[in-house]
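Q: Mind looking over this structure? Questions follow.
The values are calculated or read from the model by the stated rules, or taken from the named source; none is laboratory data. These numbers come from a predicted model, not from an experiment. Neighbour counts are summed over all protein chains in view; Cβ atoms, including those assigned to glycine, are modelled from backbone coordinates with ideal geometry. With ligands, DNA and RNA removed, areas are computed over all heavy atoms of the protein, side chains included. Shrake-Rupley method; radii C 1.70, N 1.55, O 1.52, S 1.80 Å.
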Amino acid sequence: MFQHASLLSRASLRRTYTTQISPTRWQKYLRRASLVAFSVGSFYTADRLFNASSITRNLRTLYTCAMITIDYKLNFTEEKSDQIPELHTRVADRMYNLFTSNGGLYIKIGQAIGANAALLPKPMQEKFARLFDDAPQIPYSDVLHVFKSEFGRPPCGPDGVFEIFEEQAIASASIAQVHRAKLRPLPGDTEGKWVAVKIQKPDVAKQMKWDLGAYRFVMYMFEKWAFDLPVYFVVDFVSDHLRRELDFRLEAENAKQTAIFIASEPRLAKNVYIPKVYDELTTKRVMTAEWISGVRLSDRNGIRLLMAENNDPVVVQATVPSFVDTSEDNAPPSFSFPPTPLKGGVRYVMQIMVELFSAQMFSWGWCHADPHPGNIIIRPNPHHPTLPQLVLLDHGLYVRADEEFRRDWASMWKGLLTGEFKSVERTTRKWGMGLPDMFASVALARPVRLTRKDRKAEAERVTRELEEYMSLSQYEQSVRMKAKLKQFLTDTDRMPKALIFLLRNMRIVQGNNQSFGAPVNRVKIIGLWASNSLTRLPNLTIGERLREYVNDIVFRSVLLSLDLAFWTTRLRQRIFAMFGLKSGSFEDELEKAMRGMMKSSVGVEVGATAFGG
């Protein structure tokens with residue numbers, strides 16, 4: 001009995017103790033959780049206010065890349081072969097969401113990684129094609145802060161930099177936004193000129209070191225731990241050029257240098273224009289340039305309306321494009337269409353565009369790395385009002401190519417178009433490239449076989465390769481692609497890093513031409529500039545120069561077959577258009593053949609947008 005009472009007493013004490021101690025434990029847990037939440041919240045707020053969310057952005061980057069690595073390690077196996085397409089899609093979504101969530105330099109980094117999207121899995125090709133460089137604009141208070149920091153005074157007002165400054169930006173991208181402003185009139189002038197003012201977003205400079213550090217770490221992780229592919233070699237080159245893009249004084253110098261080059265080339269001097277930069281109103285974070293009214297090349301309907309021709313195979317709808325401004329007091333004159341369409345049509349514009357970027361590659365060694373259609377404006381030519389003039393914008397990112405590279409690059413193009421296969425292979429080997437066929441095809445965006453075998457045997461071999469590829473599992477196809485890419489980049493130390501942006505330039509130019517139905521033979525134009533540039537090389541003896549001129553004449557005769565193929569395609573386009581049908585352009589045909597070549601010989605499935613720039 002006493003034992004039973006003792007047991008009851010102990011049980012009662014335990015219940016009492018438990019009842020008394022539980023609130024204390026929960027209070028401890030609650031205090032600890034509150035302390036952790038307060039610390040995390042304080043850290044997040046401090047990082048956002050004083051460090052432009054740089055640490056938060058990098059933690060997001062590390063988490064995303066860790067998830068990508070783990071996903072590949074766990075699911076990229078032969079047993080899960082049928083799930084590999086879903087794996088590539090998940091990774092593409094994670095990368096895209098990371099770049100768009102972080103914004104800023106991440107957009108630029110994503111564009112650099114995707115510069116040659118044809119070598120990436122198809123889901124990544126499709127995602128990178130949608131990685132546009134646009135972003136919400138910063139509030140006017142931030143603009144005011146930048147102006148006071150750079151000039152010591154506000155954008156406008158009694159002591160302002162400009163007579164008029166529009167607070168609403170007309171365009172906003174990842175690292176900067178553009179405002180319209182009016183200069184104060186100079187002595188003797190009745191009114192000032194309208195200008196475009198490019199203002200760097202304040203957070204970008206704070207985030208740059210963190211972002212580029214994360215980029216370096218991620219590329220190292222992907223090469224050493226995740227994919228075992230040579231990707232880290234581009235980090236220093238890309239990082240250096242992205243840093244330079246944040247100094248608007250360098251962009252102003254780039255614009256002036258480009259204008260000098262254009263003025264020296266008779267074929268371009270009056271057909272291409274670079275807006276004037278105002279040095280006295282340009283600093284590291286603010287650049288002021290001449291305002292240009294016209295139609296952006298990205299506005300296809302507006303371009304066709306401006307250049308309309310009766311024989312244009314594209315049907316034009318007479319709608320008012322979005323770029324036409326409404327009239328307001330103190331507003332710059334809005335662009336208005338000339339009473340009659342400009343002569344030459346879209347073909348004239350595309351001819352100028354391809355010649356401009358060919359001259360940059362082969363003659364000047366001074367290449368605009370981002371010639372997307374939003375950076376090109378078409379307007380009536382001030383020298384010849386009935387003809388169009390191309391205006392090139394955004395000179396923040398240029399790539400230099402030295403004389404030796406230009407000679408090799410031009411010689412390789414000639415070799416590709418004339419069948420001098422040993423010359424092409426010699427150049428690719430010199431640049432540390434395996435698989436000369438693959439590199440030549442990527443360079444031209446058309447299938448190239450560096451072989452002298454008869455065409456029938458070659459066609460049979462390609463068919464066998466494609467049948468063999470289609471019989472492989474998804475895992476085996478991916479392993480084959482990885483092996484081919486490692487063979488392609490055999491010695492990254494010898495690879496000219498300028499190729500990274502140069503090939504991007506060519507992809508975008510191809511996409512611009514293709515978007516208007518490929519009215520010009522882009523490959524021929526580039527080939528002619530390559531051949532002609534070899535005749536202008538300095539330090540040639542009289543005999544060497546004479547030999548280059550003879551080779552140039554022979555080369556032009558060889559291109560007749562390429563011209564025949566181009567005009568045959570154009571004729572088919574026009575015949576189909578007469579019956580309201582659509583036919584693929586010359587660029588479309590090249591792209592289709594290129595996709596087949598890449599799939600059969602390399603194991604890369606190329607998406608519809610991969611060669612569109």
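Q: Output the residue which, of all residues in the stretch 189-207 that are open to solvent by 40 Å² or more (accessible area, probe 1.4 Å) and in a helix (DSSP H, G or I), is farthest from residue 233 (Cα to Cα).
A: That would be 203.
Q: Residue 133 is checked against (1) at pLDDT 90 or above; (2) part of a loop (DSSP other than H, G, I, E, B); (3) not hydrophobic (A, V, I, L, M, F, W, C) and fails just one. What number does that condition carry?
A: (1)
Q: Moving on. Report whether or not residue 437 is part of a loop (DSSP other than H, G, I, E, B) and either touching a His at 6+ places or on another chain (Cβ under 7 Å) or in contact (Cβ under 8 Å) with a residue 40 or more places away in the chain (or both).
A: On the way: part of a loop (DSSP other than H, G, I, E, B): no; either touching a His at 6+ places or on another chain (Cβ under 7 Å) or in contact (Cβ under 8 Å) with a residue 40 or more places away in the chain (or both): yes.
So residue 437 does not fit the description; no.
Q: Also, quick follow-up: Counting only residues that are assigned to a loop (DSSP other than H, G, I, E, B) and buried (at least 20 other Cβ atoms within 10 Å of the Cβ), how many does the stretch 147-165 have?
A: Number of matching residues: 2.
Q: Which condition from (1) at pLDDT below 85; (2) over 30 Å from residue 217 (Cβ atoms); (3) exposed (fewer than 10 other Cβ atoms within 10 Å of the Cβ) is the one that residue 79 breaks?
A: Going through the list (1) at pLDDT below 85; (2) over 30 Å from residue 217 (Cβ atoms); (3) exposed (fewer than 10 other Cβ atoms within 10 Å of the Cβ), residue 79 breaks only (1).
Q: Considering each residue of the stretch 84-96, count those that are touching a residue at least 24 places away in the same chain (Cβ under 8 Å) and either basic (Lys, Arg) or surrounded by fewer than 17 Cβ atoms within 10 Å (Cβ to Cβ) (or both), and give that number.
A: So the answer is 4.
Q: Suppose the filter is closer than 20 Å to residue 345 by Cα, at pLDDT 80 or above and either buried (at least 21 other Cβ atoms within 10 Å of the Cβ) or not acidic (Asp, Glu) (or both); does residue 504 pass it?
A: No; evaluated as a whole, the condition is false for this residue.
Q: May I ask you to list the residues in the stretch 382-425 that are surrounded by 18 or more Cβ atoms within 10 Å (Cβ to Cβ) and in a loop (DSSP other than H, G, I, E, B)?
A: 393, 394, 395, 396, 397, 401 - these are the residues of the stretch 382-425 that are surrounded by 18 or more Cβ atoms within 10 Å (Cβ to Cβ) and in a loop (DSSP other than H, G, I, E, B).
Q: Moving on to the next point. Which residue out of 271, 301 is crowded, with 17+ Cβ neighbours inside 10 Å and either closer than 23 Å to residue 399 by Cα or not hydrophobic (A, V, I, L, M, F, W, C) (or both)?
A: Within the list 271, 301, the selection yields 271.
Q: Confirm whether residue 540 is at pLDDT below 85, over 22 Å from residue 418 (Cα atoms), surrounded by fewer than 14 Cβ atoms within 10 Å (Cβ to Cβ) and of a type outside the set (D, E, K, R).
A: When the stated conditions are applied, residue 540 does not pass them.
Q: Scan 110, 104 and give me the residue that is crowded, with 19+ Cβ neighbours inside 10 Å, within 17 Å of the chain's Cα centre (by Cα) and touching a residue at least 40 places away in the same chain (Cβ under 8 Å).
A: From the options 110, 104, the qualifying one is 104.
Q: Of the numbered conditions (1) open to solvent by 70 Å² or more (accessible area, probe 1.4 Å); (2) under 21 Å from the mean Cα position of the chain (by Cα), residue 245 fails exactly one; give the number of that condition.
A: With respect to (1) open to solvent by 70 Å² or more (accessible area, probe 1.4 Å); (2) under 21 Å from the mean Cα position of the chain (by Cα), residue 245 is out only on (1).
Q: Still on this structure: Only one of these conditions is not met by residue 118: (1) in contact with a His (Cβ under 8 Å, 6 or more places away or on another chain); (2) at pLDDT below 85. Which number is it?
A: Unmet for residue 118, out of (1) in contact with a His (Cβ under 8 Å, 6 or more places away or on another chain); (2) at pLDDT below 85: (1).
Q: Another question, then. Return the residues of the stretch 166-188 that are under 31 Å from the mean Cα position of the chain (by Cα) and part of a strand (DSSP E or B); say none if nothing qualifies.
A: 171, 172, 176, 177, 178, 179, 180, 181
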